[in-house]
Ligand code: CA
């Protein structure tokens, strides 16, 4: 397992490199955003640990460029900033998880293992309920027989709804399972994406119902034949 570490604070980078090596990871450590992006282009890594405060490019910019270039490697963001905005922006830009400095090394290891597990877990089973279907690895869903393109967030939402059809899903569950948030970002992010997804499912018998004060439920309409 090769981990790309992008961290300009040398003492921290050295500590992390040594600790990760002791855990059996091969560590490729670089000190700037440009070097990090260059490494992603030149070698295969299983995970990235990315500091946000870098001397050249902001870590968020590195993340945005990496995702725009099609790199789907799991990214764990390190941030010294306590602002919620950076964390939300990092997740929106495609970070898989984040850690606020200072953090315990054991926690970094646990998060890293979780990322690698999630990335390695293949989703073999196509998800379907009623007249809705989602194939693994496809960026589109099928709605009443028609292919409907989905954004990554819409896809994650639909995947969650289809994995638990007709079940009421509360907001913390949706935030965690579909968006990767283990905190409430204090925005209407769920509602915005649900509204988009509803429009895309318009041709379906299934409906995303609002469960007031709780969350949402995908009513698959199966009982109506
Ligand atoms: Ca830094």
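The values are calculated or read from the model by the stated rules, or taken from the named source; none is laboratory data. As the structure is a computational prediction, the values presented were derived from the model and not from experiment. As a convention, Cβ positions derive from the backbone with ideal geometry for all residues, glycine included, and neighbour counts pool all protein chains shown.
Cβ-Cβ distances below 7 Å connect the following pairs, each with a first residue in region 103-120 that is under 14 Å from residue 5 (Cβ atoms), a second residue that is at pLDDT 90 or above and in a helix (DSSP H, G or I), and a separation of six or more residues or different chains: 105/19. Beta carbons closer than 6 Å, at least 6 apart along the sequence or on distinct chains, pair a first residue in region 157-170 that is at positive phi with a second that is modelled with pLDDT under 90 for 166/220. For region 160-190, how many residues meet the condition of being at pLDDT 90 or above and in a helix (DSSP H, G or I)? Total meeting the criteria: 7. Can you pull out every residue in region 119-158 that is at pLDDT 90 or above, surrounded by fewer than 19 Cβ atoms within 10 Å (Cβ to Cβ) and within 19 Å of the chain's Cα centre (by Cα)? Across region 119-158, there are no qualifying residues.
Being crowded, with 17+ Cβ neighbours inside 10 Å, under 12 Å from the mean Cα position of the chain (by Cα), closer than 16 Å to residue 32 by Cα and within 16 Å of the ligand (Cβ to nearest atom), is that true of even one residue in region 77-98? Yes, region 77-98 has at least one match.
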